[in-house]
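Participant: This is the structure I have questions about; it appears just below.
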Amino acid sequence: MDKVHNDNKGIFAIIIASFLWGTTGTMASYAPNISPIAIGAFSMGLGGVLLVICARKTLLNNYKKMLAKPKVLFFGAISVAVYPLAFYSSMRLSGVAIGTVISISTAPFFAAILERLLNNKTITLQWMLSFILGSVGIILLALGKDDSVYVAHQLHQHSFGILLGCLAGLTYAGYSWAAKSLIESGVHAQSSMSSLFGLASLILLPSLYFTGEHLFSSASNTFISLYMAVIPMFLGYILFSYGLNYIEASKATLITLIEPLIATLLAVIIIGEKFTMIGWFGGILVSLCLLIQTYKVKKTAVIPL
């Protein structure tokens, strides 16, 4: 009973984080003169600094355990640094909904592969079913977008945006796996996430010298930049790290399939992106995927790989 209760707490925390992350693309669209690389570096970089400040006590208690896993720390920090650059660039090139959908939809696949290759963990039938439904759903979301919105985009830009979305999915799964690995070695969840983000900040924040000229060029740009760093990044990742205390990285990234659904709804309602019935059906499948993933069964069959 306690395990089910704890799992539900972890799932709920990650769902809330996903809602917050789903607002980032729409917010970024209101600052078109800010480079996507700059907005990604600032939001994740400042968010990382805030996470380190918030977790300073646990970091002091856990730093020896973290230094005992230098490869995990390095891999996770590089993944954190690359993720926002790829993610925001993907949304700028392919559109808010498509960039978010591709980035998040590929993460569960990469997370499961990493856990299988590096931790020899199994994949359950329940996870596979929910993953298939979620994957089909996000594909339909992508295919169901009104073609008229792409008139202003060159085909090669759209394709490159999709590739960057895949890279974002890989790095998202990468730092989720690294954070979970640190937690399983006895590191506190706050220390795990904040250490990865803090190290990534050492790379991301200095890059603003070359890319961040418009971050504070107007009141709206300043508000958007600060919102992105404090709400979805800082608060969102506190919730995400809390959730990783209780559930696997592959399951956590699968639950975050709610993010592209929220991003799509906001893109349609606020930005004006349009979808056909196929796209909306995809959204229903993503929702069904979440219901299956959060449903508890006493015994779950395992798929041997």
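Participant: What about F240, is it closer than 21 Å to M44 by Cα and more than 21 Å from the chain's Cα centre (by Cα)?
Facilitator: Criteria not met by F240.
Participant: While we're on this one: Can you spot a residue in the stretch 183-204 that is modelled with pLDDT under 90, outside any helix (DSSP H, G or I) and acidic (D, E)?
Facilitator: No, because not a single residue in the stretch 183-204 is modelled with pLDDT under 90, outside any helix (DSSP H, G or I) and acidic (D, E).
Participant: Please go through (1) out of contact with any Phe, Trp or Tyr (no Cβ under 8 Å at 6 or more places or on another chain); (2) under 14 Å from I14 (Cβ atoms); (3) at pLDDT below 75 for K296 and return the number of the only condition it doesn't satisfy.
Facilitator: (2)
Participant: Working carefully through the options G45, G40, find the one that is closer than 30 Å to Q157 by Cα and out of contact with any Pro (no Cβ under 7 Å at 6 or more places or on another chain).
Facilitator: Among G45, G40, only G45 is closer than 30 Å to Q157 by Cα and out of contact with any Pro (no Cβ under 7 Å at 6 or more places or on another chain).
Participant: Kindly indicate the residue of the stretch 59-90 that is among the polar types (S, T, N, Q) and closer than 18 Å to Y175 by Cβ and also nearest to the chain's Cα centre (by Cα) among those meeting that condition.
Facilitator: Only one residue fits best here, namely S79.
Participant: Looking only at the stretch 205-254, count how many residues are surrounded by fewer than 17 Cβ atoms within 10 Å (Cβ to Cβ), assigned to a loop (DSSP other than H, G, I, E, B) and touching a Gly at 6+ places or on another chain (Cβ under 8 Å).
Facilitator: Residues flagged as surrounded by fewer than 17 Cβ atoms within 10 Å (Cβ to Cβ), assigned to a loop (DSSP other than H, G, I, E, B) and touching a Gly at 6+ places or on another chain (Cβ under 8 Å) within the stretch 205-254 amount to 1.
Participant: If I filter the stretch 267-288 for residues that are among the hydrophobic types (A, V, I, L, M, F, W, C) and in contact with an Asp or Glu (Cβ under 6 Å, 6 or more places away or on another chain), do I get at least one hit?
Facilitator: yes
Participant: Would you confirm, using the coordinates I've provided, whether I255 is β-branched (V, I, T) and under 21 Å from the mean Cα position of the chain (by Cα)?
Facilitator: Criteria met by I255.
Participant: Give me the residue from the stretch 3-30 that is crowded, with 18+ Cβ neighbours inside 10 Å and not in a helix (DSSP H, G or I) and, out of that set, modelled with the lowest pLDDT.
Facilitator: S29
Participant: Among the listed residues I98, I53, which satisfies the condition of being β-branched (V, I, T) and over 25 Å from S191 (Cβ atoms)?
Facilitator: I98
Participant: Could we say that K65 is surrounded by fewer than 19 Cβ atoms within 10 Å (Cβ to Cβ), part of a helix (DSSP H, G or I), free of Cβ contacts under 8 Å to residues at least 12 places away in the same chain and not hydrophobic (A, V, I, L, M, F, W, C) here?
Facilitator: no
Participant: Taking the condition in contact with a helix residue (DSSP H, G or I) (Cβ under 8 Å, 6 or more places away or on another chain), modelled with pLDDT of 85 or more and buried (at least 22 other Cβ atoms within 10 Å of the Cβ), does A55 pass?
Facilitator: So A55 fits the description; yes.
The values are calculated or read from the model by the stated rules, or taken from the named source; none is laboratory data. Being a predicted model, the structure only gives us computed values, none of them experimental. For neighbour counting, all protein chains shown are included, and Cβ atoms are generated from backbone atoms with ideal geometry for every residue, glycine included.
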